[in-house]
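What follows is calculated from the coordinates using simple rules that are stated; it is not laboratory data. All values derive from a computational prediction rather than experimental measurement. Here the Cβ positions follow ideal geometry from the backbone for every residue, glycine too, while neighbour counts run over all protein chains shown.
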Amino acid sequence: MPWKSYIQFRETTLDSIRKQPYLFYRIMPLKRRYQEILINNGTEIVIEGYPRCANTYAVAALWVTQNRKINVARHTHAIAQIIRAFEKRLPTLLLLRKPEDAVLSYVIREENVDISLAIQRYIDFYRIAHSLADAFVVSDFDRTTTQYHILLKQLNERYNLSLNIKKPDETDQMKIKKLIEDMEIKSSGGQLSELKVSRPSKQREILKNKLINELQDHPHLDKARSLYYLMKEKSI
């Protein structure tokens with residue numbers, strides 16, 4: 001099988017697994033890096049969203065603002081994890097970002113993901129997430145990164161939690177940035193890539209400018225935008 005065909009087959013198979021909790025929670029625990037990020041009996045909060053929607057910031061900010069390291073299920077970017085959170089009625093922060101920004105950032109990060117696949121994954125994720133969103137706290141990228149204390153308050157109110165409601169100050173933001181970089185280094189096996197780390201990067205901006213026309217011309221972008229605005233209503 002040609003390499004490109006193999007990659008397409010692999011990604012299609014993974015997409016199917018990510019939508020089915022029964023398969024997802026039997027297969028993915030076999031991967032070491034998933035063992036600490038999947039929902040388990042000790043999970044206290046779930047933080048999930050499409051890739052590049054401030055997932056890492058949200059997790060890091062939670063750990064920095066609290067007095068202890070909370071057990072968070074996170075970073076699978078799989079709708080199966082959202083479905084499982086819904087079924088178990090777990091406190092959940094569901095993250096969102098404009099498709100133009102999230103898709104471009106995702107394509108730049110993952111060499112095996114092109115714009116068409118990224119848009120389709122965005123649509124698949126939020127089409128199902130929208131049907132479950134009333135059970136969750138939903139947050140857009142800007143609120144996540146600038147008003148995190150409001151999310152903490154919403155999580156407390158919705159799920160009767162006792163999280164420390166704190167707006168990250170300058171010192172906290174420095175800790176969050178360091179934690180984000182540490183998480184990226186761990187995820188990538190010891191190297192920090194400017195194309196992947198979850199913070200602003202001039203290198204990524206240059207690549208985004210090269211891809212933006214292709215994205216703007218994509219026939220499914222309007223569908224992704226419509227889902228974004230439907231989800232945005234759930235965050236108000």
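For this structure, a couple of remarks:
- The stretch between GLN216 and ASP124 holds 31.2 nm of extra length on full extension. This uses 0.36 nm per residue minus the Cα-Cα distance.
- Amide H contacts for HIS77 (H built 1.01 Å from N in the peptide plane; partners 5 or more residues away or on another chain; cut-off under 5 Å): GLY49.
- The modelled label-to-label distance for the pair GLU233/GLU87, using points 7 Å beyond Cα in the direction of Cβ, is 2.9 nm.
- Rg and Dmax, both from the Cα atoms of the chain and both in Å, are 17.2, 54.
- Simple spin-label estimate for GLU100 and LEU23 in nanometres, 7 Å along Cα-Cβ: 3.5 nm
- Phi to ³J(HN,Hα) by Karplus 6.51 cos²θ - 1.76 cosθ + 1.60 over the range 33-41, Hz, x for Gly, Pro: 5, 8, 5, 9, 10, 7, 4, 9, 5
- Here the Karplus curve 6.51 cos²θ - 1.76 cosθ + 1.60, taken at θ = phi - 60°, turns the phi angles of the range 137-144 into couplings of 8, 10, 9, 7, 3, 5, 5, 4 Hz, with x standing for Gly and Pro.
- On Cα atoms only, tilt of 115-132 relative to the major axis of the chain in degrees: 40 degrees
- For the range 136-161 and the range 72-118, distance of Cα centres in Å: 17 Å
- Radius 10 Å from Cβ of VAL46, net charge of other residues (Lys, Arg +1; Asp, Glu -1): +1
- For THR92, distant residues with modelled amide H under 5 Å away: VAL46, VAL137
- Listed cross-link partners LYS175/LYS210; LYS31/LYS223; LYS178/LYS210; LYS19/LYS175; LYS153/LYS208; LYS153/LYS210 are compared with a 31 Å cut-off, the Cα-Cα value being larger for LYS175/LYS210; LYS31/LYS223; LYS19/LYS175; LYS153/LYS208; LYS153/LYS210.
- The value of relative contact order for the chain, using C-alpha pairs under 8 Å at least six residues apart, is 23 percent.
- Take the Cβ atoms of ASP134 and ILE70, set R0 to 22 Å, and the FRET efficiency comes out at 0.40.
- With each label modelled as a point 7 angstrom along the Cα→C-beta vector, the LEU14-GLU205 pair spans 2.9 nm.
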